[in-house]
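Student: One structure coming up, written as structure tokens, with questions to follow.
The values are calculated or read from the model by the stated rules, or taken from the named source; none is laboratory data. Quantities reported herein were computed from a predicted structural model and do not represent experimental measurements. Cβ placement follows ideal geometry from the backbone for every residue including glycine, while neighbour counts extend to all protein chains displayed. Ligands, DNA and RNA are excluded from the accessible area calculation, which covers all protein heavy atoms including side chains. Shrake-Rupley method; radii C 1.70, N 1.55, O 1.52, S 1.80 Å.
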Amino acid sequence: NARTVRMLLDVVSYGFSGLICVLSLAGALNTISASIVMRRRDFGMLRSLGFEKRKIYHILILENLFHGLKAILIGVPIGLLIHFGIYLIQKEAVITSFTLPWNMLLLSVGSIIVITAAGIFCALGNLKKVNLIDSLKNDNIT
């Protein structure tokens with residue numbers, strides 16, 4: 001009976017974690033797509049000033065890399081503090097020693113890298129679909 005309850009809790013917690021990951025990925029990609037759509041005029045202006053498409057792509061890649069790095073630098077210490085807080089609470093009930101969850105840290109950093117890479121490809125894909133100079137002309141008419 002206890003094994004069944006444990007398995008049920010594992011299924012629910014892993015399912016909930018998976019759902020959060022999928023929703024986070026969708027939210028990040030949606031935010032990046034909306035950012036590209038809103039900044040088409042800015043990219044068109046840069047293009048009209050003589051920027052090559054490759055340079056604009058480099059700007060987007062660096063921007064997304066900085067966002068990923070910022071997520072790692074903020075998220076990992078907060079996650080470690082939460083992990084330590086859970087250890088302090090658990091220490092009262094079970095005698096254990098504190099260990100860093102290296103595999104979970106690597107999984108988190110790897111997930112952020114994958115989400116950042118997906119964001120980069122999404123941004124570049126959205127930008128390739130649009131003729132930036134035409135979007136600048138259309139924006140000035142309206």
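Student: In deg cm²/dmol, rounded to 500, what helix-only [θ] at 222 nm does the chain give when every DSSP H run of at least 4 residues adds -39500 (n - 2.57) and the total is split over its residues?
Tutor: Only helices count here, giving -30500 deg cm²/dmol.
Student: Separate question: Stokes-Einstein at 37 °C, 0.692 mPa s, Kirkwood radius from Cα pairs: D for the range 96-136 in µm² s⁻¹?
Tutor: Details: Rh = 13.1 Å.
Rounded, D is 251 µm²/s.
Student: Could you sort 116-128, 30-42 so that the peptide with the highest average Cβ count within 10 Å comes first and the rest follow in order?
Tutor: Descending packing order for the listed peptides: 116-128, 30-42.
Student: Expressed as a whole percentage, what fraction of the accessible surface of the chain belongs to carbon and sulfur atoms when a 1.4 Å probe is rolled over the protein heavy atoms?
Tutor: Of all accessible area on the chain, carbon and sulfur atoms account for 70 percent.
Student: Okay, moving on. By how many degrees, 0 to 90 and rounded to 10, does the Cα axis of helix 102-128 deviate from the longest principal axis of the chain?
Tutor: The angle comes out at about 20 degrees.
Student: Another question, then. How much accessible area per residue does the chain have, counting only protein heavy atoms and a probe of 1.4 Å, in square angstrom?
Tutor: 74
Student: How would you order 73-79, 109-115 from highest to lowest mean count of nearby Cβ atoms within 10 Å?
Tutor: Working: 73-79: 11.3, 109-115: 15.1.
Averaged packing, sorted descending, gives the order 109-115, 73-79.
Student: Ignoring ligands, DNA and RNA, how do GLU63, GLU52 rank by accessible area with a 1.4 Å probe, largest first? Spell out each step's value before the answer.
Tutor: Numbers: GLU63 55, GLU52 95 Å².
Result, largest first: GLU52, GLU63.
Student: Let me ask something else about it. Let a ≥ b ≥ c be the square roots of the eigenvalues of the Cα gyration tensor of the range 45-111; is it rounded (a/c under 1.5), or, if not, prolate (a/b larger than b/c) or oblate? Could the numbers behind the result be given before it?
Tutor: Numbers: a/c = 8.25, a/b = 4.34, b/c = 1.90.
Prolate, because a/c is 1.5 or more and a/b exceeds b/c.
Student: Also: What are the principal axis extents of the Cα atoms in the range 15-79, in Å, biggest first?
Tutor: The principal-axis extents, from largest down, are 48, 22, 15 Å.
Student: Within the chain, how many Lys pairs sit with Cα atoms under 29 Å apart, leaving out pairs fewer than 8 places apart on the same chain?
Tutor: 12
Student: Separate question: Work from the charge dipole of the range 33-142 (Cβ charges, +1 for Lys and Arg, -1 for Asp and Glu, about the Cα centre) and give the residue of ILE72, ILE120, LEU107 farthest towards its positive end.
Tutor: Selected residue: ILE120.
Student: Something else about it: Evaluated at 37 °C with a viscosity of 0.692 mPa s, what Stokes-Einstein diffusion coefficient in µm²/s does the chain have when Rh comes from the Kirkwood expression over alpha-carbon pairs?
Tutor: Answer from the Stokes-Einstein relation: 178 µm²/s.
Student: Each label point is 7 Å from the Cα along the Cα-to-Cβ direction; what then is the distance between the points at LEU69 and MET38, in nm?
Tutor: The two pseudo-label positions are separated by 2.4 nm.
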